[in-house]
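The block underneath contains the structure these notes are about, expressed in structure tokens.
The values are calculated or read from the model by the stated rules, or taken from the named source; none is laboratory data. Just so it is clear, the structure is predicted and the values come from calculations on it, not from any experiment. Glycine gets a Cβ as well: all are built from the backbone with ideal geometry, and neighbour counts include every protein chain shown.
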Amino acid sequence: MPDATGLELIGQELGSAVLDTVFFRERATLVIEPDSVRDVLAHLRGEGYAFMASLHGVDYYPEEPRLGVVYELLDMARVDRISVKLRVHSQAPEVDSAMPDRPGDRGWPTAVHQEREVYDMFGVVFRGHPDLRRILMPEDYEGYPQRRDFPLGGEPVTFTYNDPKRPPATA
Amino acid sequence: MSPVEHETSAQSEKLSEYRRREQSITLSEVDRPGGPPDAAGDGEPGETRQELLTLNFGPHHPATHGVLRLLVTLQGEVVRDIKPIIGYVHTGIEKTAEDKSYWKVIPVIERMDYLAYYFNAMAFCGAVETLVEVEVPKRAQYLRVINLELNRIASHLFWLATSALDLGAISMFWYCLRERELIVDLFEMSSGQRMHTRYFQVGGVIEDVPRGYAEKLRSFLKLMPGRVDQYRALLNGNEIVLARLRGTGRLDAESLLALGVTGPLLRAAGNPWDLRKAQPYCSYGDFDFRIPIGTVGDNYDRLVVRLAEMDESVKIIGQALEGLPEGPYMTSDRKVALPPRHELATSMEALIHHFKLVTEGFRVPPGEAYYPVESPRGELGCWVRSDGSAKPARVHMRDPSFVNLQAFSQMAEGGYIADMIATLAMLDPILGGIDR
């Protein structure tokens, strides 16, 4: 982990892209401006954090900006981890994809499934993702099930009598 | 009214796009035989033309290790394109976890990667312990290590059994399950359950090991290295296995890292990254063991690395058993751990704590934590967000199978379809973990 001072230094290098730095339970998190995600990730790769360990989606309902995306970066040489967090408004949940977007760009190919999962579960749209479709839920599913206001077990079981795609029964 | 009229045009457009993708069998043509499918042909009349076949593979197919579905485009016998389609066993465990108090989440979390249940519980408990800042006693850590490594052997045994089956060797299946049976017997002895044991708790383990456990474990540890040698002899002396594994499904370490692949797959390509060594958690720093690595990163290396890992796990368990410290197996923090049974009869406070823990559960300070562990398939990380209540606000599992599957098309494209089966077997995807 970068310690609290190291985190501040990284935050200062990135300037206005960083909204906040959080050092919690020995764990460093950069809270960043959503639009600068590609620049921040590229900068951190230059610092040695070249492995994207994970990508999480999160919903801070009822706060706004509500939807969060967390990138877990890892520096395998120094065995050092840093989290990058951004939050987008639920009205326009859009953020740039971390996938390579032009030939020669290294990008983060590991994000392909994980960004699809965040899109599937939270409805965050990743601009520039080559194949942004639902991944775990059926393709024609409506709603984003991991959002906090999506009820648990709130999905009625479809029978012939309540299937919206069937014509109503006539007596 | 026809069903189509109920849908908006945007929806039906989206759906038809999906149906187009789903179309099980499509035929298209390539101009030059042997060339890539998208190569622009010169279109000379009389040139031989070759058809591309898109084949739907799975989800119900014994070689897909669960319900994985692959859309495979073939040029003759050669695989040109693979599109994995997942989600068939998505059960919404992460959503379910948000409606349960922390200690009740453990049983559902264990059912994600159903061959590595101890690892799921370890990642989750580790993340919650980080948030609560509870100290896990040394004895509990050693007991955890014993069970984690036993689970690693059991998982690798099941992988070896089913992989050998995919390659046509049925006797390996019986041998491996014979040894796995001994391990689940040990699990049953310590926790009462053979699978999904709920043995790990936040703050320690639920119970100390019973009398006779150490002897039984010792006899298993004595037996296991010889058995691994037998597997080696069986497989390394088998021309067919060697011919099918050597040089197939090769992918170098750099591409694997870009795709986020960890675990035995990465180590088979020569990168000795192992969280047990790199970021020792749960007292792994106390034990003397080595990290087996491969050389070229083909299917054979993956086999060899996992076999060697079983030997190393046996070593770790032996050291943990002999060095098992005395002391409590559960934290004494009564706000997190249930009080011992005998205290309930004499102490009012113990009774209150017991009641609070069982009904409401313990509250976790607000915050976020990511806790990675080295599962049999790679980095298994649990990300937990707490909002201060007794239920987690978000549980996300970074499942290694989910991430590793991304590398599958790169490994198998350009090879024969039979090699694709071998590569999938050596990838070791667990669909329960992928779909969660």
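Put simply, of A:Pro109, A:Pro145, A:Pro138, A:Pro100 the only residue that is facing chain B (nearest Cβ under 8 Å), in contact with a Lys or Arg (Cβ under 7 Å, 6 or more places away or on another chain), modelled with pLDDT under 90 and surrounded by fewer than 23 Cβ atoms within 10 Å (Cβ to Cβ) is A:Pro145. Checking each residue in segment B:67-86 for being of a type outside the set (Asp, Glu) and surrounded by fewer than 21 Cβ atoms within 10 Å (Cβ to Cβ) picks out B:Val67, B:Arg69, B:Leu71, B:Thr73, B:Leu74, B:Gln75, B:Gly76, B:Val78, B:Arg80, B:Ile82, B:Lys83, B:Ile85.
For segment A:105-127, name all the residues that are part of a helix (DSSP H, G or I), touching a residue at least 24 places away in the same chain (Cβ under 8 Å) and not hydrophobic (A, V, I, L, M, F, W, C). Within segment A:105-127, A:Gln114, A:Glu115, A:Glu117, A:Asp120 meet the criteria. Specify the residue that is farthest from the chain's Cα centre (by Cα); the eligible residues are those in segment B:105-134 that are away from chain A (no Cβ under 14 Å) and surrounded by fewer than 19 Cβ atoms within 10 Å (Cβ to Cβ). Filtering segment B:105-134 for residues that are away from chain A (no Cβ under 14 Å) and surrounded by fewer than 19 Cβ atoms within 10 Å (Cβ to Cβ), the one farthest from the chain's Cα centre (by Cα) comes out as B:Pro107. Could you check, for segment B:299-320, whether at least one of its residues is on the phi > 0 side of the Ramachandran plot, surrounded by 20 or more Cβ atoms within 10 Å (Cβ to Cβ) and touching a Phe, Trp or Tyr at 6+ places or on another chain (Cβ under 9 Å)? No, segment B:299-320 contains no residue that is on the phi > 0 side of the Ramachandran plot, surrounded by 20 or more Cβ atoms within 10 Å (Cβ to Cβ) and touching a Phe, Trp or Tyr at 6+ places or on another chain (Cβ under 9 Å).
Per-residue answers, yes or no, for (1) farther than 26 Å from B:Ala278 by Cβ; (2) part of a loop (DSSP other than H, G, I, E, B); (3) free of Cβ contacts under 8 Å to residues at least 12 places away in the same chain:
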site: B:Gly318; (1), (2), (3): no, no, no
site: B:Pro339; (1), (2), (3): yes, yes, no
site: B:Leu344; (1), (2), (3): yes, no, yes
site: B:Val373; (1), (2), (3): no, no, no
site: B:Gly381; (1), (2), (3): no, no, no
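Filtering segment B:396-434 to residues that are over 15 Å from B:Arg80 (Cα atoms), more than 10 Å from chain A (Cβ to nearest Cβ) and hydrophobic (A, V, I, L, M, F, W, C) leaves B:Ala422, B:Leu424, B:Ala425, B:Met426, B:Leu427, B:Ile430, B:Leu431. Considering segment A:16-30 alone, what residues qualify as being more than 19 Å from B:Gly126 (Cα to Cα) and within 11 Å of chain B (Cβ to nearest Cβ)? The one that is more than 19 Å from B:Gly126 (Cα to Cα) and within 11 Å of chain B (Cβ to nearest Cβ): A:Val22.
The rows are residues; the columns are (1) at the interface with another protein chain (Cβ under 9 Å from one of its Cβ atoms); (2) surrounded by fewer than 22 Cβ atoms within 10 Å (Cβ to Cβ); (3) more than 17 Å from the chain's Cα centre (by Cα); (4) at pLDDT 90 or above.
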position: A:Glu115; (1), (2), (3), (4): no, no, no, yes
position: A:Leu152; (1), (2), (3), (4): yes, yes, yes, no
position: A:Asn162; (1), (2), (3), (4): no, yes, yes, no
position: A:Pro168; (1), (2), (3), (4): yes, yes, yes, no
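Just to check your reading of the model, which residue among B:Leu221, B:Leu217, B:Leu186 is within 18 Å of B:Ile316 (Cα to Cα), touching a Phe, Trp or Tyr at 6+ places or on another chain (Cβ under 7 Å) and not charged (D, E, K, R)? Being within 18 Å of B:Ile316 (Cα to Cα), touching a Phe, Trp or Tyr at 6+ places or on another chain (Cβ under 7 Å) and not charged (D, E, K, R) holds for just one of B:Leu221, B:Leu217, B:Leu186, which is B:Leu186. Candidates in segment B:346-371 are the residues that are aromatic (Phe, Trp, Tyr) and within 14 Å of another protein chain (Cβ to nearest Cβ); of these, the one that is surrounded by the most Cβ atoms within 10 Å (Cβ to Cβ) is B:Tyr370.
Applying the condition of being of a type in the set (D, E, K, R) and part of a strand (DSSP E or B) to segment A:48-90 and asking which residue is farthest from the other protein chains (Cβ to nearest Cβ) yields A:Arg87.
Scanning segment B:385-435 for residues that are in contact with a Gly (Cβ under 8 Å, 6 or more places away or on another chain) and basic (Lys, Arg) returns B:Arg385, B:Lys391, B:Arg398. The set of residues in segment B:261-305 being of a type in the set (Phe, Trp, Tyr) and closer than 24 Å to B:Val241 by Cα consists of B:Tyr300 alone.
Residue-by-condition table, conditions (1) more than 18 Å from the chain's Cα centre (by Cα); (2) crowded, with 19+ Cβ neighbours inside 10 Å; (3) charged (D, E, K, R); (4) modelled with pLDDT under 90:
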residue	(1), (2), (3), (4)
B:His156	no, yes, no, no
B:Ala161	no, yes, no, no
B:Gly168	yes, no, no, yes
B:Glu179	yes, yes, yes, no
B:Leu182	yes, yes, no, no
B:Asp185	yes, no, yes, no
B:Glu188	yes, no, yes, no
B:Gln193	yes, no, no, yes
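Selection of segment A:117-135 for residues being modelled with pLDDT under 85 and more than 12 Å from every other protein chain (Cβ to nearest Cβ) yields only A:Pro130. Condition test on A:Val22, is it modelled with pLDDT under 90, in a strand (DSSP E or B), surrounded by 15 or more Cβ atoms within 10 Å (Cβ to Cβ) and out of contact with any Phe, Trp or Tyr (no Cβ under 8 Å at 6 or more places or on another chain)? Against the criterion (modelled with pLDDT under 90, in a strand (DSSP E or B), surrounded by 15 or more Cβ atoms within 10 Å (Cβ to Cβ) and out of contact with any Phe, Trp or Tyr (no Cβ under 8 Å at 6 or more places or on another chain)), A:Val22 qualifies. Of the residues making up segment B:232-275, those that are of a type outside the set (A, V, I, L, M, F, W, C), crowded, with 21+ Cβ neighbours inside 10 Å, touching a residue at least 60 places away in the same chain (Cβ under 8 Å) and outside any loop (DSSP other than H, G, I, E, B) number 2.
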